[in-house]
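The values are calculated or read from the model by the stated rules, or taken from the named source; none is laboratory data. For clarity, every value in this text was computed on a predicted model and none was experimentally measured. For neighbour counting, all protein chains shown are included, and Cβ atoms are generated from backbone atoms with ideal geometry for every residue, glycine included.
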Amino acid sequence: MTEYLIQLAYLAIGFAVLVKGADWFVDGAAALAKKFGIPELVVGLTIVAMGTSLPEAAVSITGALKGSAGIAIGNVIGSNICNILLILGVTAAITRLQIQQSTIRYEIPFMIFISGVLLAMGTSGGIITRMEGGILWGLFVVYLIYLKFLTDNTPEEETEAASADEEGEPPSVGKCVGLIIVGAAMIIYGSDLAVQGAKTLAQLFGMSDRLIGLTIVAIGTSLPELATSAVAALKGDADIAVGNIVGSNIFNILFVIGTTALIVPVRFAEEFVQDGIIAIGVALLLWAGIFRTASAGRPLGVTLLILYAAYIAHLLGKF
C-alpha cells in the first residue's frame, strides 16, 4: 500500500509542476513571438512543439538504449495518437480552434506522409535501421527549411499584428527567455515524475512494455502538449495550440525516432503495425474534419475523445 501511495504522490506532484510550467512556457513563447513579429503558428510548430516533445525524446532514447524498444516505439506512436484524439479533443472541446490554411494544406498532409514512411520502414524489416534514422533526419531538415520559408513569407500585416502590444509594457526578451527555459524545465521534470509514478504503478499490475508505451508512457509524455495546448486555447492563442499538436507529432517521428535509430537500431514489433495504421487513420480523420471549415469545434472534439476512450478500452481489453 505504501508503494502505491508514493507513486500516486509522484503523479500528483508531477501534474502540478507540469501545468504551471506549461503556463509559463506559453506566456514566454507567445510574448517572444509578438516582440519579434514571429507568427504564433510558427512558434507553435517550432519552439513550443519541440520543447513539449522533449519528454518523448528522453524516454524513447533511454528506452532504446536499455533494450526496451517496445516503450520507445510505443511511446511515439501512442503519443501521436494521444495528441490528436485526446489533446486536440480536449482543446477543441474547450474552444473552437481556427486552423491556418498552411496547416491544412501542408503540415497535416506532411504529418500523414511521414507516419506512412515510419510504418513502411517498420514493416519492411521489422527494425528501424541507422540508415532509416538518417532518412528521417533528412526529412526533419526539409521540415525546418519549410518553417523558415513559412516565416519569411508570412504577410507583413500578420507579423505586425503579432508584435503589437496588447496591454501595457511587453516583457523584456530576458524575461521571455527565462519563462521559456524555466517552464521547459518544469515541463520535463513534472513529466518525469508523472511518468515514473504511472509506469511503476503499471508494472505493479504486470503490463507489457508495448502496453506501457502506448498508454501510460504515451499519455504521460503527452501531458506537456495537453497542458500547453489547453492553456494556449484558454488564453486565445489557438495557433500555438494546433501548431503545437501537429508540430509535436512531426517532431516525434522525425527527430525522436530518427535520433534514437541513429544511436541504436530500434526493433519495430509486428504488433505495432496495427497501432501505426490507427495513427495514420486518426490523422486522416482530423484532416477530413477540418478541411471544409478550417476549424475544430466542440462536435469534433467530443468525437475525438470518444474515439480515444474506445482505443484505450481496446488496448486494455487485450491486457
Does A313 qualify as being outside any helix (DSSP H, G or I) and either out of contact with any helix residue (DSSP H, G or I) (no Cβ under 6 Å at 6 or more places or on another chain) or closer than 15 Å to I104 by Cα (or both)?
no
Let me spell it out: the conditions are (1) modelled with pLDDT of 75 or more; (2) surrounded by 20 or more Cβ atoms within 10 Å (Cβ to Cβ); (3) not small (G, A, S), and T221 meets all of them except one. Which number is the exception?
(1)
Enumerate the pairs (first residue in region 286-300 and assigned to a loop (DSSP other than H, G, I, E, B) and loosely packed, with under 15 Cβ neighbours inside 10 Å; second residue anywhere and modelled with pLDDT under 90 and not hydrophobic (A, V, I, L, M, F, W, C)) with beta-carbon separation below 9 Å, excluding pairs fewer than 6 apart on the same chain, so at least 6 apart or on different chains.
A294/Q98; A294/Q100; A294/Q101; A294/T103
Complete set of residues in region 120-138 that are surrounded by 18 or more Cβ atoms within 10 Å (Cβ to Cβ) and within 18 Å of the chain's Cα centre (by Cα):
L136
Looking for something within 18 Å of G78 (Cα to Cα), touching a residue at least 24 places away in the same chain (Cβ under 8 Å) and among the aromatic types (F, W, Y) - is there at least one such residue anywhere in region 244-260?
yes
Among what's in region 224-258 and is β-branched (V, I, T) and under 20 Å from P39 (Cβ atoms), pick the residue that is surrounded by the fewest Cβ atoms within 10 Å (Cβ to Cβ).
V231
Among the residues of region 17-29, write down those that are at pLDDT below 80 and surrounded by fewer than 24 Cβ atoms within 10 Å (Cβ to Cβ).
V19, D23
Here are some residues: A164, A185, A194. Which one is over 25 Å from L214 (Cβ atoms), of a type in the set (A, V, I, L, M) and at pLDDT below 80?
A164
Got a sec? Which of D239, D275 is under 17 Å from the mean Cα position of the chain (by Cα), at pLDDT 90 or above and within 21 Å of I112 (Cβ to Cβ)?
D275
